[in-house]
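Taking it in order: structure first as structure tokens, then the write-up.
Each value in this text was obtained by applying a stated rule to the coordinates, not by laboratory testing. Since we're looking at a predicted model, the values are computed, not measured. Ideal geometry is used to build each Cβ from the backbone, glycine not excepted, and the neighbour counts take in all protein chains shown.
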Amino acid sequence: MTTPIISVHDLVKDYDQFRAVKGISFEVQEGEVFGLLGPNGAGKSTTLEIIETLRPKTGGSVVVAGYDLDRDPDRIKEVIGVQLQASGYYPGLNLVQLVELFAGLYNQRVHAMELLKMVNLEEKARAKFKDLSGGQKQRFSVATTLINKPRIIFLDEPTTGLDPQARRNLWELIRNINTAGTTIILTTHYMDEAEYLCNRIAIIDSGAIVALDTPDRLIDNLVATGFERPREVKKANLEDVFIHLTGKHLREG
Ligand SMILES: Nc1ncnc2c1ncn2[C@@H]1O[C@H](COP(=O)(O)OP(=O)(O)OP(=O)(O)O)[C@@H](O)[C@H]1O
């Protein structure tokens, strides 16, 4: 087995008296799309933020691309791409100016229009972030993770709040970024999204990993226990109806 690009061992996070992450361990291989799934408050964002060097851990070890989080957090920052909070998007700047600003902060030369084209935002190059639709905001936010040409990007609930077309469009973008060689670790509450995008997923509940495998094997394991869906599954679902009626193309102007 190759050396993992992310290795988390016995990670613990306490917020005062409350143990939010209870000694979790997992590895992510280079080139994977790895998903963290779990109910609200399970500890997904906390785990991601610790790996991203944005939040201190209480215990355990994290190694990213060979760099130990305790010793080399700055080297880790160089190889990862994280989504900035919306508050980081200076309101007076347009998309090209924002990309150029971030590129400057990362000391990188970036062709802003090419980056915007990649996420289908070239027509919005002179628009302000606040004037974008939800889907456009998410695509821009994903684009900003790529500015420092990272080996790994972190996406925290990338499609929450998007309509079905925008969601599927973002799925294709995430797949394309992964196909181009970037490892991706994401959180999601959508099981279809995890099934579509992730090579492997860890299911976290109350700060502990309760399952970790490929989506296929997780489903097979459940079926092997004798589980059956209570109702016959239809050949389409309501989302299929919606997409069939309204088309696949993006609606955002
Ligand atoms: N800064 C903080 N101070 C105190 N408790 C916190 C803090 N951040 C998170 N928590 C608590 O830690 C637990 C894990 O939160 P976290 O945000 O990591 O969960 P999550 O799995 O990402 O949830 P969600 O799906 O709702 O985003 C929750 O009980 C939360 O209330």
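Given the Cα-Cα distance of residue 128 and residue 206 and 0.36 nm per residue of separation, how much length would full extension add, in nm?
24.2 nm
Other residues lying with their Cβ under 12 Å from the Cβ of residue 214 contribute a combined charge of -3, Lys and Arg counting +1, Asp and Glu -1. One chain, two ends: residue 222 and residue 14. Fully extended at 0.36 nm per residue, the span grows by 71.7 nm beyond their Cα-Cα distance.
Computed on the stretch 13-86, with alpha-carbon pairs under 8 angstrom and 6+ residues apart, the relative contact order is 24 percent.
Taken over the chain, lysine pairs spaced eight or more positions apart, or on distinct chains, with alpha carbons under 25 Å apart number 29.
Antiparallel beta bridges, as assigned by DSSP with both residues in the chain, represent about 55 percent of the total such bridges. Between the residues 143, 154, 60, the greatest Cα displacement towards the positive end of the dipole of the stretch 6-246, with unit charges on the Cβ of Lys, Arg, Asp and Glu, is found for 143. According to the calculation over all Cα-Cα pairs in the stretch 86-234, the P(r) per 5 Å bin from zero is 2, 8, 16, 18, 17, 13, 9, 7, 5, 3, 2, 0 %. The calculated 222 nm mean residue ellipticity attributable to helices in the chain amounts to -10000 deg cm²/dmol, summing -39500 (n - 2.57) over DSSP H runs of n ≥ 4 and dividing by all residues. For the chain, the Kirkwood estimate of the hydrodynamic radius, built from every pair of different alpha carbons, is 19.5 Å.
Put a plus charge on the Cβ of each Lys and Arg, a minus charge on the Cβ of each Asp and Glu, and nothing anywhere else: the dipole of the stretch 37-148 about its Cα centre is then about 300 debye. Based on C-alpha pairs under 8 angstrom that are at least 6 apart in sequence, the chain has a relative contact order of 25 percent.
Restricting the trypsin sites (Lys or Arg not before Pro) of the stretch 34-81 to loop positions (DSSP other than H, G, I, E, B) with no more than 13 neighbouring Cβ atoms within 10 Å leaves 71.
The chymotrypsin sites (Phe, Trp or Tyr not before Pro) of the stretch 160-253 that meet both conditions, a loop assignment by DSSP and at most 13 other Cβ atoms within 10 Å of the site Cβ, are 227. Oblate is the label for the stretch 36-106, because the ratio a/c of its alpha-carbon gyration tensor axes (a ≥ b ≥ c) is 1.5 or higher and a/b is not greater than b/c.
State to the nearest 20 debye the size of the charge dipole of the chain about its Cα centre, where the only charges are +1 on K and R beta carbons and -1 on D and E beta carbons.
About 600 debye.
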